[in-house]
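Right, one structure below, let's go through it.
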Amino acid sequence: VLTLSAITGGIVYAQRPKTVHLNYNGEAIELVTNKETLREALADARLADLEDAKLSVEMDDDVLDGMHLQIKTKKTITLYDGENRQTKVTYATTVGDFLEENDIAVDQDDVISPARSEALHNDDTVHVDHIETRMIIDNQA
């Protein structure tokens with residue numbers, strides 16, 4: 001597929017669409033575009049929350065066919081760590097990454113909601129309930 005574009009003076013040039021492989025907050029997206037820069041291509045794709053996002057390349061870089069791009073958006077998360085409520089800002093893409101980033105120690109008995117593997121979105125709430133298990137041995141029999 002070729003796209004024909006006319007510019008002043010009657011000159012016409014042909015341009016092939018380019019494929020960009022995005023990792024957008026852990027989600028794989030294939031973007032096909034005729035735009036020249038990533039800023040134009042991402043605006044055209046209407047991806048949200050890019051103003052404070054971390055990108056693996058610069059927004060004004062040229063779009064290259066087959067290029068790979070990682071985007072992590074800024075998120076505000078409410079964390080309940082036991083009884084403690086905190087508001088955190090993060091670029092983590094999963095609950096597990098968020099807990100690790102914030103040095104939240106958990107063991108096999110603790111309950112994490114949503115699960116570690118779940119995607120993290122802006123304004124999400126993460127609960128960590130610390131469960132203590134004790135074994136009591138009664139030798140009075």
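The values are calculated or read from the model by the stated rules, or taken from the named source; none is laboratory data. Computed from a predicted structure; not experimentally measured. Here the Cβ positions follow ideal geometry from the backbone for every residue, glycine too, while neighbour counts run over all protein chains shown. Quick note on the areas: whole protein, heavy atoms, side chains included, nothing else; ligands and nucleic acids left out. Shrake-Rupley method; radii C 1.70, N 1.55, O 1.52, S 1.80 Å.
Only one residue in THR33, THR37, THR19 is open to solvent by less than 90 Å² (accessible area, probe 1.4 Å), farther than 26 Å from VAL95 by Cβ and in contact with a Pro (Cβ under 7 Å, 6 or more places away or on another chain), so which one is that?
THR33
If I ask for residues that are of a type in the set (S, T, N, Q) and either assigned to a loop (DSSP other than H, G, I, E, B) or open to solvent by 70 Å² or more (accessible area, probe 1.4 Å) (or both), which ones from region 56-81 would you list?
SER56, GLN70, THR73
Give me the pairs, please: first residue somewhere in region 102-120 and outside any loop (DSSP other than H, G, I, E, B), second residue anywhere and of a type in the set (A, V, I, L, M), beta-carbon distance under 6 Å, and either six or more positions apart or on two chains.
ILE112/VAL128
Taking region 123-141, which residues are part of a loop (DSSP other than H, G, I, E, B) and modelled with pLDDT of 95 or more?
ASP123, ASP124
Which ones in region 82-112 are open to solvent by 50 Å² or more (accessible area, probe 1.4 Å) and in contact with an Asp or Glu (Cβ under 8 Å, 6 or more places away or on another chain)?
ASP109, VAL111
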